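Below is one structure, written out as structure tokens; comments come after it.
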Amino acid sequence: MQPSGDQLRSTAGTITVECRFFARYAEILGRDVLPLELPETATVGDAVRELRRTLPASDVLPERPLAAVNRQHTALTGRLTHGDELAFLPPLAGG
Amino acid sequence: MQPSGDQLRSTAGTITVECRFFARYAEILGRDVLPLELPETATVGDAVRELRRTLPASDVLPERPLAAVNRQHTALTGRLTHGDELAFLPPLAGG
Amino acid sequence: MDYCTHEPIDVGRLMAAVADGARGGTVAFVGSVRGGPEDGPVTAIDYSGYEEMLTEELGRIIGEARERWPEASVTAQHRLGRVPRGEPSIAVVVAAPHRDEAFAACRQVIEEAKRRLPVWKKELFENGATRWREE
Amino acid sequence: MDYCTHEPIDVGRLMAAVADGARGGTVAFVGSVRGGPEDGPVTAIDYSGYEEMLTEELGRIIGEARERWPEASVTAQHRLGRVPRGEPSIAVVVAAPHRDEAFAACRQVIEEAKRRLPVWKKELFENGATRWREE
């Protein structure tokens, strides 16, 4: 049985996540959202490597940035699922 | 040389202090002030013993009550001086 | 601001009194008259105090906190008289450059106030009864 | 009360929201925009946040405190947008039957908020310059 999201996948065996950038990252990258296609086994760390390889000015994104998946803090080893909202968070400065 | 307060002393070799009672003590004793004559070497503890010996309903005053001399917490061993304000404090319940 | 008041405590005013652009962390403790299940149907507490000593002693307690945390701005107020259930009887407010100091100083002042202030409370119950409460 | 606001934080309203006759101790932490000597002439901070996550994460942090101190009533609010020097950017308020719990829960919430909330600040200086502040 196949996951029901499969029909939305851009290519067989891949998933698409919505990357979101905030604060300094958004300012330097000049964007705050970006759809990203990844292999269906991809982790957050894989997304980081793909972005650092392809995005202009992508060195603003460190090798190990803080990340959140679907509005929850997530480790770089966290697995991604098609349709996830993947946010990259500059060092937090709340309060 | 004699302390200058000596002229105010009721009897040679004695001092007078103003006892103050609060809250439950004042309620049960039926008074909130009382002048007390004591030997000039008297301590707070001596004043307690004298009050417990002479005052009606004085058993409201425990053997070791909280006491303050001139608005500062004072141990029972604290020496008294003529004219001191000697307050007896029921268990504190501030805040 | 007087350390002892017979009026309702205005916590916002106390917070404004310690505020200042250089102190980013403010901690306030507010103690209120409690009348929950474990307290019985208390409608109010009559607070009485040895007022001259209360003022002096709270001044000493605040002075000790200022000495220990020189960058902190500290104030406090104890209410006397009849305080209805739910209303504040004491407030301690500390502003400091960093929150560690603000928490520590606020905590020290309320602990010392509870331990040292010459204040007594008489509970008033719904049925009109009263009782000295000694904790 | 929303956990995230673009308006000035009303600390008195937050305190009223947690108050209740059974909880005698209330502790509030208020963090304000600092512009003291060590901070340079900061006139305001522009706070930006990942708002959907900020709301969810602050809700989780408050939920953790409520779970650990079940008798406590806990609320908090983070302000976003331009906050002038001296005005609160965050407030955490806890009411509890006893002050130990109120202090502990308030402290846990502000520490977790500082550690976990997706919020960023850009300092605005008197001369018009701006700077991302990463702590």
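The values are calculated or read from the model by the stated rules, or taken from the named source; none is laboratory data. Everything numeric in this text was worked out from a predicted model, so none of it was measured. Cβ placement follows ideal geometry from the backbone for every residue including glycine, while neighbour counts extend to all protein chains displayed.
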With respect to D:Met53, determine if the residue is in a helix (DSSP H, G or I), in contact (Cβ under 8 Å) with a residue 24 or more places away in the chain and touching a helix residue (DSSP H, G or I) at 6+ places or on another chain (Cβ under 9 Å). no
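From the list B:Val44, B:Val60, B:Val69, B:Val33, which residue is at pLDDT below 95 and not small (Gly, Ala, Ser)? Walk me through it before giving the result.
Details: B:Val44 fails: at pLDDT below 95; B:Val69 fails: at pLDDT below 95; B:Val33 fails: at pLDDT below 95.
It is B:Val60.
Would a scan of region C:122-131 turn up a residue that is away from chain B (no Cβ under 14 Å) and either closer than 20 Å to D:Ala28 by Cβ or aliphatic (A, V, I, L, M) (or both)?
Yes, some residue in region C:122-131 is away from chain B (no Cβ under 14 Å) and either closer than 20 Å to D:Ala28 by Cβ or aliphatic (A, V, I, L, M) (or both).
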Looking at region D:85-98 only, could you name the residues that are at pLDDT 95 or above, surrounded by fewer than 24 Cβ atoms within 10 Å (Cβ to Cβ) and over 12 Å from the mean Cα position of the chain (by Cα)? none
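Going through A:Leu76, A:Leu66, A:Leu34, A:Leu38 one at a time, which residue ends up being within 30 Å of C:Arg99 (Cβ to Cβ), among the aliphatic types (A, V, I, L, M) and surrounded by 15 or more Cβ atoms within 10 Å (Cβ to Cβ)?
Among A:Leu76, A:Leu66, A:Leu34, A:Leu38, only A:Leu66 is within 30 Å of C:Arg99 (Cβ to Cβ), among the aliphatic types (A, V, I, L, M) and surrounded by 15 or more Cβ atoms within 10 Å (Cβ to Cβ).
For every residue, the table says whether it meets (1) under 15 Å from the mean Cα position of the chain (by Cα); (2) at pLDDT 95 or above; (3) of a type in the set (S, T, N, Q).
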| position | (1), (2), (3) |
| --- | --- |
| D:Cys4 | yes, yes, no |
| D:Glu7 | yes, yes, no |
| D:Gly12 | yes, no, no |
| D:Gly25 | no, yes, no |
| D:Phe29 | yes, yes, no |
| D:Val33 | yes, no, no |
| D:Thr43 | no, no, yes |
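Test of understanding: among A:Glu27, A:Glu37, A:Glu50, which residue is outside any helix (DSSP H, G or I), acidic (Asp, Glu) and in contact with a strand residue (DSSP E or B) (Cβ under 9 Å, 6 or more places away or on another chain)? Even if it seems obvious, please write down each step before you answer.
On the way: A:Glu27 fails: outside any helix (DSSP H, G or I); A:Glu50 fails: outside any helix (DSSP H, G or I).
Within the list A:Glu27, A:Glu37, A:Glu50, the selection yields A:Glu37.
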Any hit, region D:38-46, residues being buried (at least 21 other Cβ atoms within 10 Å of the Cβ) and either basic (Lys, Arg) or within 14 Å of chain C (Cβ to nearest Cβ) (or both): yes
Quick check on this structure: which one of B:Glu18, B:Glu50, B:Glu85 is at pLDDT 95 or above, within 14 Å of chain C (Cβ to nearest Cβ) and surrounded by 15 or more Cβ atoms within 10 Å (Cβ to Cβ)? B:Glu85
Condition test on C:Leu58, is it within 12 Å of the chain's Cα centre (by Cα) and buried (at least 21 other Cβ atoms within 10 Å of the Cβ)? yes
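For region D:75-107, which residues satisfy the criterion of being aliphatic (A, V, I, L, M), farther than 22 Å from C:Gly24 by Cβ and more than 9 Å from chain C (Cβ to nearest Cβ)?
First, pick out the residues of region D:75-107 that are aliphatic (A, V, I, L, M): D:76, D:80, D:83, D:90-96, D:102, D:104-105.
From what is left, the residues that are farther than 22 Å from C:Gly24 by Cβ are D:95-96.
Within region D:75-107, D:Ala96 is the sole residue that qualifies.
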